[in-house]
Amino acid sequence: MIIDIHTHAFPDNLAGEAMNKLAYSSKVKPSFDGSISGLLSSMDRAGIEKAAVLNIATKPEQVFNIIKWCLKIKSDRIVPFASVHPDNGDIKDLIKRIKGEGLLGIKLHPMYQDFYLDDDKMFFIYEEVAVNGLILIFHTGLDIAFRSDRRAEVKRLKRVIGKIPGLKIVATHTGSWQMWNDVLSEIAGLDVWLETSMTLKYIEDKKIFLEILKKHSPDRIMFGTDAPWSDQKEEVELINDLDISNELKYRIFSENAQKLLSL
Ligand SMILES: [Zn+2]
């Protein structure tokens, strides 16, 4: 069973506009139309059984609709992650509500939500996530739509890891997009889950990825794609082509996410 820990989808009435905007700013041709049915077909083509759909609240008032939409799309194959916005006044209640609804965690994105990963004001949010036993997925590294923005850079991620007891952090794009040398020296081996989306097709030297795998705990790395901003089938093949043991592939594709998501 392959689990994709990083995908995106939008409600049918918003998908068209959202996809146009995002495709324009990222200059990436999407691999499906941004709808849940499009995602499910993409999963079928790639042999992916379950996918986490990650939401990002770009405005505080979106959080309620995001929670509603998460509950609507939650299924055997779709594991939705909600979001909060740093400017929400009632973060404590919102996070409690997300937990109470049975959702597993939230995604936060420094560029789309205007914060630095290691901002003092963010630690209150991180603590609430930990206290409620939720999972915190961060966009990390540079971003394809904000290529020189350093708000999610490695040294900031490093300042968050290990600071809050019990906080489960997932760092996207193998620890930081386009900063993989720094991930190898600063992040690999730390108490954080890495997911592999948008890495192997962008990394110049695949050896660095293999070195990160060697240095990092084998039960803290998971398969992700960031679809529709990457093609799920292609990302599956890129992992399958790696010169690593089948056992490690099984952990990456399936076992580690099963454990983290308690599936
Ligand atoms: Zn993403």
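Derivation of every value follows stated rules applied to the coordinates shown; laboratory data play no part. Quantities reported herein were computed from a predicted structural model and do not represent experimental measurements. Here the Cβ positions follow ideal geometry from the backbone for every residue, glycine too, while neighbour counts run over all protein chains shown.
Summary table below
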{"item": "Per residue, the convex hull volume that the Cα atoms of the stretch 135-232 enclose (Å³)", "result": "95"}
{"item": "Rounded to the nearest 20 debye, dipole of the stretch 1-101 from Cβ charges on Lys, Arg, Asp, Glu", "result": "120"}
{"item": "Other-chain or far-sequence residues with amide H under 5 Å of residue 177's (modelled H)", "result": "140, 141, 142"}
{"item": "Separation between Cα centres of the stretch 161-230 and the stretch 38-103, rounded to whole Å", "result": "22"}
{"item": "Likely footprinting exposure, 1, 111, fewest C-beta neighbours within 10 Å first", "result": "1, 111"}
{"item": "Simple label model, 7 Å out from Cα along Cβ direction - residue 181 to residue 74, nm", "result": "4.4"}
{"item": "Cα gyration tensor shape of the stretch 25-165, rounded if a/c is under 1.5, else prolate or oblate by comparing a/b with b/c", "result": "oblate"}
{"item": "Amide H contacts of residue 135 (H built 1.01 Å from N, under 5 Å, at least 5 apart or other chain)", "result": "105, 106"}
{"item": "Evaluated at q = 0.12, 0.15, 0.23, 0.26 Å⁻¹: base-10 log I(q)/I(0), Debye formula over Cα of the stretch 52-122", "result": "-0.29, -0.45, -1.00, -1.22"}
{"item": "Beta bridges per DSSP with both ends in the stretch 2-260, % antiparallel, nearest 5", "result": "5"}
{"item": "Computed lengthening from residue 25 to residue 61, 0.36 nm per intervening residue step minus Cα-Cα distance", "result": "10.7 nm"}
{"item": "Whichever lysines have a C-alpha closer than 20 Å to that of residue 206, once near sequence neighbours (fewer than 8 apart) are set aside", "result": "214, 215, 233, 249"}
{"item": "Whether the stretch 177-230 is rounded, prolate or oblate, judged on the alpha carbon gyration tensor where a/c under 1.5 counts as rounded", "result": "oblate"}
{"item": "Karplus-derived 3J(HN,Hα), 6.51/-1.76/1.60, for each residue of the stretch 200-206, Hz, glycine and proline x", "result": "5, 7, 10, 6, 6, 10, 4"}
{"item": "Net charge of neighbours whose Cβ lies under 14 Å from the Cβ of residue 211, counting Lys and Arg as +1 and Asp and Glu as -1", "result": "-1"}
{"item": "Descending semi-axes in whole angstrom, ellipsoid equivalent of the stretch 1-95, from the Cα gyration tensor", "result": "24, 17, 11"}
{"item": "Rounded to whole Hz, the Karplus (6.51, -1.76, 1.60) HN-Hα couplings of the stretch 94-101, x for glycine and proline", "result": "4, 5, 4, 5, 4, 4, x, 7"}
{"item": "Along principal axes, Cα extents of the chain, largest first, whole Å", "result": "47, 39, 36"}
{"item": "Integer Hz, Karplus 6.51/-1.76/1.60 couplings in order for the stretch 106-122, x for Gly and Pro", "result": "9, 10, 10, 9, x, 6, 7, 10, 6, 8, 9, 3, 9, 3, 3, 5, 7"}
{"item": "Cβ-based exposure ranking for 154, 183, 28, in which fewest neighbours within 10 Å come first", "result": "28, 154, 183"}
